[in-house]
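Trainee: Just passing along the structure, written as structure tokens.
The values are calculated or read from the model by the stated rules, or taken from the named source; none is laboratory data. These numbers come from a predicted model, not from an experiment. All Cβ positions, even for glycine, are placed from backbone atoms using ideal geometry, and neighbour counts span all protein chains on display.
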Amino acid sequence: MFDSRDITDEPAHLRATRGLTLVPEGRRLFPKLSVEKNLRLGAYTQRDPQEIEQAFGLAYGLFPVLKERRLQMAGTLSGGEQQMLAIGRGLMAKPKLLMLDEPSWGIAPKLVTKILDTIQAINAAGITLLLVEQKVQRALAIAHRAYVMQTGRIVLEGTGKDLLGSTNLKTAYLGI
């Protein structure tokens, strides 16, 4: 269910027009297209040129390096820059819900902090996020609500802070 509507059998393009956007694990960029063209592809559901320009402003504001490299081929960016581009592309759709699958996967630790700080800023700007993340402690520190799954079942749930302080979580999943 999304916005009180069953979207189970809807094609992906209709889900996107409803405001549901996924930034997949592994980024899945178009490596032979420029940064700008990758971003523009994220706005394919948008029709208003002014809204598209606003979305570019948001993406470039959150990730200034993308503006500097807007004509560079996406495949030549570092892993962290590619992840910034993938998130920026997701934001171009002006989502109601932005789903992020492992945004820290395969990037340098220094950039993990930048990415997760930016994710927090995106949420503070009013965009709802669904974050799937292996960096449990940092994810729980920024999460309003959290679920811990084991073999496809929810085994713990609560606020991020509650789960971060949970002895069950620390023992079973963090090994501390």
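Trainee: With 76, 8 as the choices, which residue is of a type in the set (Ser, Thr, Tyr) and either modelled with pLDDT of 95 or more or crowded, with 18+ Cβ neighbours inside 10 Å (or both)?
Mentor: Unique residue meeting the criteria: 76.
Trainee: Return yes when residue 40 is within 16 Å of residue 89 (Cβ to Cβ) and at pLDDT 90 or above and no when it is not.
Mentor: So residue 40 fits the description; yes.
Trainee: How many residues does the range 1-42 hold that are under 17 Å from residue 60 (Cβ atoms), among the polar types (S, T, N, Q) and under 19 Å from the mean Cα position of the chain (by Cα)?
Mentor: Counting residues in the range 1-42 that are under 17 Å from residue 60 (Cβ atoms), among the polar types (S, T, N, Q) and under 19 Å from the mean Cα position of the chain (by Cα) gives 1.
Trainee: Residue check, residue 134 against (1) under 23 Å from residue 66 (Cβ atoms); (2) in a loop (DSSP other than H, G, I, E, B), all met but one. Which one?
Mentor: (1)
Trainee: Identify all residues within the range 153-168 that are assigned to a strand (DSSP E or B) and loosely packed, with under 15 Cβ neighbours inside 10 Å; write none if there are none.
Mentor: The answer is 153, 154, 155, 157.
Trainee: Can you tell me which condition residue 71 does not meet? The list is (1) part of a helix (DSSP H, G or I); (2) at pLDDT 95 or above; (3) farther than 30 Å from residue 137 by Cα, and all the others hold.
Mentor: Of everything listed in (1) part of a helix (DSSP H, G or I); (2) at pLDDT 95 or above; (3) farther than 30 Å from residue 137 by Cα, residue 71 misses just condition (1).
Trainee: Working only within the range 19-40, note down all residues that are farther than 21 Å from residue 73 by Cβ and surrounded by fewer than 17 Cβ atoms within 10 Å (Cβ to Cβ).
Mentor: The answer is 25, and nothing else.
Trainee: While we're here: Out of all the residues in the range 1-56, which are touching a residue at least 40 places away in the same chain (Cβ under 8 Å), assigned to a helix (DSSP H, G or I) and among the basic types (Lys, Arg)?
Mentor: Result: 40, single match.
Trainee: Name the one entry in 86, 124, 43, 139 that is surrounded by 14 or more Cβ atoms within 10 Å (Cβ to Cβ) and out of contact with any helix residue (DSSP H, G or I) (no Cβ under 8 Å at 6 or more places or on another chain).
Mentor: On inspection, the qualifying residue turns out to be 86.
Trainee: Specify which of the listed residues (106, 90, 126) is closer than 19 Å to residue 28 by Cα and part of a loop (DSSP other than H, G, I, E, B).
Mentor: Criteria check complete, one pass: 106.
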